[in-house]
Amino acid sequence: MEPMRLLLILITILSNVHTLRSSKLLVHEYYKEKCPLAEDIVRHNMAVAVLKDPRLAASLLRLHFHDCFVMGCDASVLLDSVEGMTSEKLAGPNLNSLRGFEVIDKIKYLLEEECPLTVSCADILAMAARDAVELRGGPRWEVWLGRKDSLESSFSGANLFIPAPNSSLEALINNFKQQGLDIEDLVVLSGSHTIGRARCVSFKQRIYETKQEYNHGYEYDRYKRYTNFRRILRSICPVTGRDDKFAPLDFQTPKRFDNHYFINILEGKGLLGSDNVLISQDYLHGLIREQVWGYASNEKLFFDSFAKSMIKMGNINVLTGDEGEIRRNCRFVNP
């Protein structure tokens, strides 16, 4: 067996052990007796919110991701700044970027009316992310529940652990590994970029690179697909100014959760630099390219794998039992 393939298998095994340990702390149907309508309340309000603004589906999915990558899935990202604690909302990857907080606020208010001090903000984020994906045509999965909310946020952690849109493949692999996620998780969770938008400032550098810089020596643009795509992006994002202008992460089906993201990056049409490196910097003897091809050609395979990795991500460093608390208001710790 090739050494690189053996290493990949070992990373996957260790990552799965990490997940199994976390999963034992959470359970299915956690609120069946404690708050029977909890999941229905989340689902209904997500449906209303996404109907009014389809972009919120991607926003709520991203909110869960940014929460889990900083101290774990503990709703720390929802906390506002108070004296002595700076909110994660003000960190570089989140400032003027994260949205959907008002949706979580409304859901939390209704759940407090129905079942006071019962449903955690962290669990609301996990359920909302699941519903967001399903409401845009993606898979549905059973969310493990029973998380508690953190008593603090980590401004420094948000700046350190959330992957940048121009990350190299090596940086992404290391970043995900720190969270107990393996290379398969990295690839499949990148598929969440099948919905949502990004600001020009997130990808402008890449579209004005020289041919040598963006090609990385892999010649995956031999049919000039990326050259034409880059011309479109330059018309949206000029070399100076308009940094806050948006472009869809998936130009083909921007509002539908499907497998088109993987088709895009095979053609060199991933919007972010961190999308395209899955192909252009694949140093694992084509293993990542093989996985991308699998998802591009089989949407059911992508959906099944995505659901599995979302459950795994949702179990990162969760607080349970006597740890943390159940906040009355997701923006503040309890008095």
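Other residues lying with their Cβ under 10 Å from the Cβ of ASP123 contribute a combined charge of 0, Lys and Arg counting +1, Asp and Glu -1. Note on CYS115: accessible area is roughly 10 Å² with a 1.4 Å probe, heavy atoms of protein only. Estimated purely from DSSP H runs of n ≥ 4, each contributing -39500 (n - 2.57), the mean residue ellipticity at 222 nm for the chain is -15500 deg cm²/dmol once divided by its residues. Within the full protein context, the accessible area of HIS28 is estimated at about 90 Å² for a probe radius of 1.4 Å. Quick check: from the Cα gyration tensor, does region 230-304 come out rounded (a/c under 1.5), prolate or oblate? It comes out oblate by the Cα gyration axes. Normalised per residue, the accessible area of the chain is 46 Å², obtained with a 1.4 Å probe and no contribution from ligands, DNA or RNA.
Relative contact order, whole percent, for the chain stands at 27, derived from Cα pairs under 8 Å and 6 or more residues apart. Ligands, DNA and RNA left out, the accessible area of the chain computed with a 1.4 Å probe is 54% carbon and sulfur.
For the chain, leaving out every one of the chymotrypsin sites (Phe, Trp or Tyr not before Pro) that falls in a DSSP loop and has at most 16 other Cβ atoms within 10 Å, the longest unbroken run is 1-207.
For the chain, the longest principal axis of the alpha carbon atoms and the long axis of helix 101-114 meet at an angle near 30°.
Spin-label model, PHE332 to HIS28: label points 7 Å out along the Cα-to-beta-carbon direction sit 3.9 nm apart. Close amide H pairs (under 5 Å, H built 1.01 Å from N) link ALA198 with ALA247, LEU249, residues at least 5 positions away or on another chain.
Placing +1 on the Cβ of every Lys and Arg and -1 on the Cβ of every Asp and Glu, with no other charges, gives the chain a dipole of roughly 1220 debye about its Cα centre. Comparing VAL201, VAL133, VAL103 in a Gaussian network model of the chain (Cα springs below 10 Å), the most mobile by mean-square fluctuation is VAL201. Principal-axis analysis of the Cα atoms of the chain puts helix 55-68 at an angle of about 80° to the longest axis. The LYS52 and LEU117 beta-carbon pair, evaluated with R₀ = 25 Å, returns a calculated FRET efficiency of approximately 0.30. Take the Cβ-Cβ distance between LEU151 and HIS44 as r, set R0 to 25 Å, and report the resulting FRET efficiency rounded to the nearest 0.05. Plugging the Cβ-Cβ distance into 1/(1 + (r/R0)^6) gives 0.25.
If you take the Cα centroid of region 60-99 and the Cα centroid of region 273-308, the two points sit 28 Å apart.
The values are calculated or read from the model by the stated rules, or taken from the named source; none is laboratory data. Just so it is clear, the model here is predicted, and its values are computed rather than measured. Note: ideal-geometry Cβ built from the backbone for every residue, glycine included; neighbour counts use all protein chains shown. Areas reflect the complete protein model, heavy atoms only, side chains present, ligands, DNA and RNA absent. Shrake-Rupley method; radii C 1.70, N 1.55, O 1.52, S 1.80 Å.
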